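First comes the structure, then the notes that go with it.
The values are calculated or read from the model by the stated rules, or taken from the named source; none is laboratory data. Keep in mind it's a predicted model, so treat the numbers as computed, not measured. Cβ placement follows ideal geometry from the backbone for every residue including glycine, while neighbour counts extend to all protein chains displayed.
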Amino acid sequence: MIDHMRHELPDLNYWEFFLQLCGLRKKLKIKGISMQPTLNSGEEFLMNPHAYIKRSPQVNDIVVILHPQQPSLRIIKRIAKIEKGDRYFLLGDNLSHSDDSRSFGLIERKQILGKLTTRTNFLNE
């Protein structure tokens, strides 16, 4: 979608690493191309499952949800628009290769599993 978004997630720092050790962050590995160029297949990130306890999701947040039509599948998308009643329109950054709200519709806040916070793949380089 927009090239400058590629580096919007910071690299792992000591605080995020500590939170992961404490079980407050979950490590995820990207599979697929729906979020390119921001997130590439094989890269690893941390997700904060508690990100929206005290604050609401915002436009441009990258979130993890269970696919509404395939509940065993976790997917990662960007919040593109917020509708009334805490309903969210999600898009992949690679619009031509993304299964997102254009096909499954709006999602509710309770469907959001967490927010991506940190890029960790540089540890593997």
Taking segment 73-106 and keeping residues of a type in the set (A, V, I, L, M, F, W, C) and under 12 Å from PRO57 (Cα atoms) leaves ILE79, ALA80, ILE82, PHE89, LEU90
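Check whether at least one residue in segment 27-35 is of a type outside the set (A, V, I, L, M) and buried (at least 16 other Cβ atoms within 10 Å of the Cβ), and report yes or no.
Yes - at least one qualifying residue is present in segment 27-35.
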Residues ASN60, ASN40, ASN94: which one is at positive phi and within 15 Å of the chain's Cα centre (by Cα)? ASN60
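Determine whether segment 75-90 contains at least one residue that is acidic (Asp, Glu) and either closer than 14 Å to THR117 by Cα or buried (at least 18 other Cβ atoms within 10 Å of the Cβ) (or both).
Scanning segment 75-90, I find no residue that is acidic (Asp, Glu) and either closer than 14 Å to THR117 by Cα or buried (at least 18 other Cβ atoms within 10 Å of the Cβ) (or both), so the answer is no.
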Restricting attention to segment 42-74, report how many residues are among the aliphatic types (A, V, I, L, M) and within 15 Å of THR117 (Cβ to Cβ). 7
Among the residues of segment 7-62, the number that are of a type in the set (Gly, Ala, Ser) and under 16 Å from THR120 (Cβ atoms) is 3
For GLU108: the one exception among (1) touching a helix residue (DSSP H, G or I) at 6+ places or on another chain (Cβ under 6 Å); (2) closer than 27 Å to GLN20 by Cα; (3) modelled with pLDDT of 95 or more: (1)
With criteria (1) surrounded by 18 or more Cβ atoms within 10 Å (Cβ to Cβ); (2) among the small types (Gly, Ala, Ser); (3) closer than 20 Å to SER41 by Cα, SER72 comes up short on (1)
